[in-house]
Amino acid sequence: MAVIRSIRGGSAGLNEEDRLTLAGLLVKAGYRVQIGYRVVPGNAKGKKEYTVEYEEPGGEQS
């Protein structure tokens, strides 16, 4: 599964609307999409890394 990452507060980060738009386009194209986040380890400020994971049509089923 491929992953697009966006660290909150980063210069090239995607906001929530951008992530949802991207996910919608991928779903319309037939991809399986998962949106999530994790806290960046070792960061005292608790920055979050948002991800859009996608799998090509006909890819391996989990």
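Using R₀ = 25 Å, calculate the FRET efficiency as 1/(1 + (r/R₀)^6) where r is the Cβ-Cβ separation of Arg5 and Ala29; round to 0.05.
Numbers: r = 20 Å, r/R0 = 0.80.
Result of the calculation: an efficiency of 0.80.
Modelled label-to-label distance, Val40 and Glu16, 7 Å Cα→beta-carbon offset: nm?
2.0
Bear in mind these aren't lab numbers, they're just calculated from the coordinates by the rules spelled out. Because the structure is predicted, anything quoted here is derived from the model rather than measured. We place every Cβ from the backbone using ideal geometry, glycine too, and count neighbours over all the protein chains shown.
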